[in-house]
Amino acid sequence: MSDLKVTLIQANLHWEDIAANLRMFDEKIDAITERTEVVVLPEMFSTGFSMKPEKLAETMEGSAVQWMRKKAAQKNIILTGSLIIEENGEYLNRLIWMQPNGVAGTYDKRHLFGYAGEHEHYHAGDRRLIAQVKGWKICLTICYDLRFPVWSRNVITPETGAPAYDILINVANWPERRATAWKTLLQARAIENQCYMIGVNRVGNDGNEIYHSGDSSLIDPMGEIIYRKGHDEDIFTTTLERTKLDEIRKNIPFLKDADKFQVF
C-alpha cells in the first residue's frame, strides 16, 4: 500500500467567531505549498471549546460544513476536525471527515468532559468511526477520548487477520495545565495500539482565559516523536511510511496477544 501525506494545523482560535475562524483556516490551508492528502484541524475549530451550543451550533448544512466541503474539493484533500452541530434537537461535538467528493463521515465525541460541564450541553456519541484512504484505516477521536484507552483499543479483526486501524487521530482543545498528560497519553496510545498517532491541539487563550500550549504531535508506532510543536501556531506536513508500520507489526506482533473484550 502507498505512503500517506498528512498535514497538522495548530492554530490560535478566535473565540466563538465562526466566520473569523473559517477565514483563518482558509488562509492557512491555501498557504500549504506541498502536496498533502489529509489535513487535520483542532477540536471545535470554528468556535473554540464553548459551552454555548444554543448560540453557536450549526446543522450539517451550515456554513462550517459547507466550507469544509468546498475546501476539500478545491484542494483535493480530506479535511477533518470537530464542530458544534445540532441534529434532531441535540447538540453534538462532531468530528467531520470531509472527502474531496463531498461525502462526509462523522464521529460524535463519546467521552464528554464533565469537569467543564460538557455533558450538560452536549449529547454523547456511541459508535467509533474508522475511515479509509489509500488502504490506510484511520480511527478518529476527540480530546477527552484520549484518556480512555478501551474506546480506541486496536484489535486484530477476525475477518482480515489485520489490525482494525493504522492511524489514530485525536483533535483537541487540551489546556496547558494538563499538557504532561496530553503528551504522555499520545505516546501511550501509539505504543499500545501499534499505530501512527496524530494529535492536533490549539494554542492561545480561550474565552475563559484558559491557555493552551498546543504540543500537537505525530508519533510513530514505537512511540518515537516525529513532530511536536509547543505554544506557536504551526503547519506541519510529512509522509507516513507504510513499510515502516508493516515492518514494526511483523517484527513485534504483540497485537495478536491482546486481551479479548467487548465495549457496551
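The values are calculated or read from the model by the stated rules, or taken from the named source; none is laboratory data. These figures come from a predicted structure and were not determined experimentally. Cβ: placed from backbone, ideal geometry, glycine included. Neighbour counts: every protein chain shown.
Among what's in the stretch 227-264 and is within 21 Å of Val39 (Cβ to Cβ) and among the basic types (Lys, Arg), pick the residue that is farthest from the chain's Cα centre (by Cα). Don't jump to the end; show me each part of the working.
Narrowing the stretch 227-264 to residues within 21 Å of Val39 (Cβ to Cβ): 227-230, 232-242, 245.
Restricting the remaining residues to those that are among the basic types (Lys, Arg) gives 228-229, 242.
Values: Arg228: 15, Lys229: 16, Arg242: 20 Å.
It comes out as Arg242.
Can you pull out the residues in the stretch 155-173 that are among the aliphatic types (A, V, I, L, M), in contact (Cβ under 8 Å) with a residue 40 or more places away in the chain and surrounded by fewer than 24 Cβ atoms within 10 Å (Cβ to Cβ)?
Just the residues of the stretch 155-173 that are among the aliphatic types (A, V, I, L, M), to begin with: 155-156, 162, 164, 167-169, 171-172.
Next, from what is left, pick out any that are in contact (Cβ under 8 Å) with a residue 40 or more places away in the chain: 155-156, 167, 169, 171-172.
Passing the criteria: Val155, Ile156.
In the stretch 174-208, which residues are buried (at least 24 other Cβ atoms within 10 Å of the Cβ), touching a residue at least 40 places away in the same chain (Cβ under 8 Å) and either farther than 17 Å from His111 by Cβ or among the polar types (S, T, N, Q) (or both)?
Passing the criteria: Asn193, Cys195, Tyr196, Ile198, Val200, Asn201, Arg202.
Condition check ((1) at pLDDT below 95; (2) of a type in the set (Ser, Thr, Tyr); (3) more than 22 Å from Thr160 (Cβ to Cβ)) across all residues:
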| site | (1), (2), (3) |
| --- | --- |
| Ala190 | no, no, no |
| Ser216 | no, yes, yes |
| Ile219 | no, no, yes |
| Ala258 | yes, no, no |
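Has the stretch 167-180 got any residue that is aromatic (Phe, Trp, Tyr) and not in a loop (DSSP other than H, G, I, E, B)? Before the answer, list the steps.
Step one: of the stretch 167-180, the residues aromatic (Phe, Trp, Tyr) are 174.
Pick out the ones that are also not in a loop (DSSP other than H, G, I, E, B) and you get none.
Checked the stretch 167-180: no residue is aromatic (Phe, Trp, Tyr) and not in a loop (DSSP other than H, G, I, E, B).
Return the residues of the stretch 209-226 that are surrounded by fewer than 16 Cβ atoms within 10 Å (Cβ to Cβ) and within 17 Å of Ala179 (Cβ to Cβ); say none if nothing qualifies.
Step one: filter the stretch 209-226 for residues surrounded by fewer than 16 Cβ atoms within 10 Å (Cβ to Cβ), giving 209-211, 222-226.
If the condition is that a residue be surrounded by fewer than 16 Cβ atoms within 10 Å (Cβ to Cβ) and within 17 Å of Ala179 (Cβ to Cβ), then Glu209, Ile210, Tyr211, Ile225 are the ones that fit.
Within the bounds of the stretch 117-137, is there any residue that is surrounded by 21 or more Cβ atoms within 10 Å (Cβ to Cβ) and more than 15 Å from Asn173 (Cβ to Cβ)?
Looking through the stretch 117-137, at least one residue is surrounded by 21 or more Cβ atoms within 10 Å (Cβ to Cβ) and more than 15 Å from Asn173 (Cβ to Cβ).
Please go through (1) part of a loop (DSSP other than H, G, I, E, B); (2) modelled with pLDDT of 95 or more for Ile235 and return the number of the only condition it doesn't satisfy.
The failed condition is (1).
Among Lys260, Lys183, Lys256, Lys244, which is of a type in the set (D, E, K, R) and either within 20 Å of Leu4 (Cα to Cα) or assigned to a strand (DSSP E or B) (or both)? Break it down into steps so the answer makes sense when it comes.
Values: Lys260 fails: either within 20 Å of Leu4 (Cα to Cα) or assigned to a strand (DSSP E or B) (or both); Lys183 fails: either within 20 Å of Leu4 (Cα to Cα) or assigned to a strand (DSSP E or B) (or both); Lys256 fails: either within 20 Å of Leu4 (Cα to Cα) or assigned to a strand (DSSP E or B) (or both).
Checking each option against the conditions leaves just Lys244.
Given the structure, is Leu218 assigned to a strand (DSSP E or B), without any contact (Cβ under 8 Å) to a residue 60 or more places away in the chain, under 24 Å from Lys5 (Cα atoms) and not charged (D, E, K, R)?
Numbers: assigned to a strand (DSSP E or B): yes; without any contact (Cβ under 8 Å) to a residue 60 or more places away in the chain: no; under 24 Å from Lys5 (Cα atoms): yes; not charged (D, E, K, R): yes.
It is false that Leu218 is assigned to a strand (DSSP E or B), without any contact (Cβ under 8 Å) to a residue 60 or more places away in the chain, under 24 Å from Lys5 (Cα atoms) and not charged (D, E, K, R).
For the stretch 1-28, give me the residue count where each residue is free of Cβ contacts under 8 Å to residues at least 60 places away in the same chain and assigned to a loop (DSSP other than H, G, I, E, B). Can you show your working first?
Kept after step one, since they are free of Cβ contacts under 8 Å to residues at least 60 places away in the same chain, are these residues of the stretch 1-28: 14, 17-27.
From what's left, assigned to a loop (DSSP other than H, G, I, E, B): 14, 17.
The total comes to 2.
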